[in-house]
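Read-outs: derived from the displayed coordinates by stated rules, not from any lab. Quick caveat, the model's predicted, so the values are computed rather than measured. A quick note on method: Cβ atoms are made from the backbone with ideal geometry, for glycine too, and the neighbour counts reach across all protein chains shown.
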Amino acid sequence: MKCSKCGAEIEEGKLYCSVCGAEVQLVPEYDTLGNYMRQKEREKAQEEEENRLHAEMLRRKQQQQEELEKQKKKKKQKQSLLIGCCLLAACIVALLLFKWVMDRKNFNSYDFQMDRAETAYSNHNYEKAQEYVERAVALAGAGNQDALLLQAQILTGMGENEEAAAVLEKILEEDPENGTCFGMLIRLYDSEGDTEKIKEFLDNCTSEELKEKYSSYIAGEAVFGLVAGTYNEPKKLELYAPSGRDTIYYTTDGSDPTTKSPVYEKALELSEGTTTVKTLVVNERGIAGEITENTYVIELDPPEAPAISPSSGTFTSDMMTKIYVIVPEDCQAYYAFDEKPTKETGTLYTGPVDMLEGDHTFYAIVVDKYGKSSSAGAQTYVLEG
């Protein structure tokens, strides 16, 4: 027997359903309306279940359709990606080929190599600039001055001054009046402090125009304020530099002056004898000029023998017995009796000298301001008592 409410199996003899607790209908129920309502409910539930199952089936079908669409889309994407990769590969190959062709063309293009060298030099990328300019020189030949000038600039930027100088000297061998190259080489030597090289370089320059342009690098010569020659009195020699910023070095012993020689500051005293004055001018850049020299001979004439008064004779004590020596200006007199005096042995004359009793010869000399001594003047006096 089954429960009329839930449909569960009811054991025989039970009055209530053990599942839903409904009372067991021992007598058949003739509630037609109730049965109809329950029947409708069951039909409704069945319909809802069928609708649910149908909806589930549609959902799964849609999912399958969507999954199929996704697979198709992925396949299409893979195909598109494969085509794109092929096209990209083709483009890359084409670009590489184009680049190879252009590189070959540029590698053999002087203008391209120069342009790249100038750009790299402007960006201080000297090593790269050197690579480009070397290729440019190779393409244009060793006689191309523009490429060589740029190469010298790049080498200077790299600190390779010796190599840069070699390049510039090479240009000047072909074109001695290349002003740009000339100036670069001068400034390069100047930065190195190589004044000897600058002097040699300017001395060998044949262009007066370039010498004038870079005259500040050329040291002049000292001007002697006294003409070389022979003089009969000591002289003062003044020296004049070409510029107030120049320094004059000099010697008077016949040796060649250097920057370790005395520096001229005031007039030189030329005394008796032969003096050779040599000068060296060094300008403000430290560049030395040519050594110049003048020779001076000072031959001093001795003063004449002094006049002595009175003249020789015999004198008595009641007569004037004073001896006078006429001393020229800027001289001193020295005297002695009975022997010729010298500056060292004689007596300095300061005023009249008394005659000595008896027969004596009075000698006198004068010494000028230069130390030259005259011959002796003499008078013989006999003083009787």
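Under the combined filter of DSSP loop state and at most 15 neighbouring Cβ atoms within 10 Å, segment 286-335 retains these GluC sites (Glu not before Pro): 290, 299, 304, 329. Only helical runs count toward this figure. For the chain, summing -39,500 (n - 2.57) over DSSP H runs of n ≥ 4 and dividing by all residues gives -14500 deg cm²/dmol at 222 nm. Karplus-derived 3J(HN,Hα) values for segment 260-273, using 6.51 cos²θ - 1.76 cosθ + 1.60 with θ = phi - 60°, are 9, 6, x, 8, 5, 10, 8, 4, 8, 8, 9, 9, 4, x Hz; glycine and proline are entered as x.
With axes computed from alpha carbons, what is the tilt in degrees of helix 32-107 against the longest principal axis of the chain, rounded to the nearest 10 within 0 to 90? Once rounded, the angle reads 30 degrees. For the residues 78, 70, 44, a GNM of the chain with alpha-carbon springs under 10 Å puts the largest fluctuation on 44. Within straight-line reach of residue 72, meaning a Cα separation under 20 Å, sit the following lysines at least 8 residues removed in sequence or on another chain: 61.
For the chain, a Gaussian network of Cα nodes joined below 10 Å ranks 68, 15, 168 by mean-square fluctuation, and the top entry is 15. Between segment 269-322 and segment 189-216, the C-alpha centres lie 44 angstrom from each other.
Here the residues 196, 134, ranked from fewest to most Cβ neighbours within 10 Å of their Cβ, fall in the order 196, 134. The angle between the Cα long axis of helix 179-192 and the longest principal axis of the Cα atoms of the chain comes to about 80 degrees, rounded to the nearest 10.
The count of lysine pairs in segment 178-257 with alpha-carbon distances below 19 Å, taking only pairs 8 or more places apart or on different chains, stands at 4. Ranked by how many other Cβ atoms sit within 10 Å of their own Cβ, fewest first, the residues 360, 124 fall in the order 124, 360. Hey, what angle do you get for helix 145-157 against the long axis of the chain, alpha-carbon based, 0 to 90 degrees rounded to 10? For helix 145-157, the angle is close to 90 degrees.
Converting the Cα gyration tensor eigenvalues of segment 307-384 into ellipsoid dimensions via √(5λ) gives semi-axes, longest first, of 23, 12, 9 Å. What the Cα convex hull of the chain gives, in volume per residue, is 421 Å³. When each of 374, 309 is scored by the number of other beta-carbon atoms lying within 10 Å, the sequence from fewest to most is 309, 374. Shown for the chain: cysteine residues without a partner Cβ closer than 4.7 Å, namely 85, 86, 91, 181, 205, 331. When the chain is treated as a Gaussian network with alpha carbon springs shorter than 10 Å, the biggest mean-square fluctuation among 267, 140, 336 belongs to 336.
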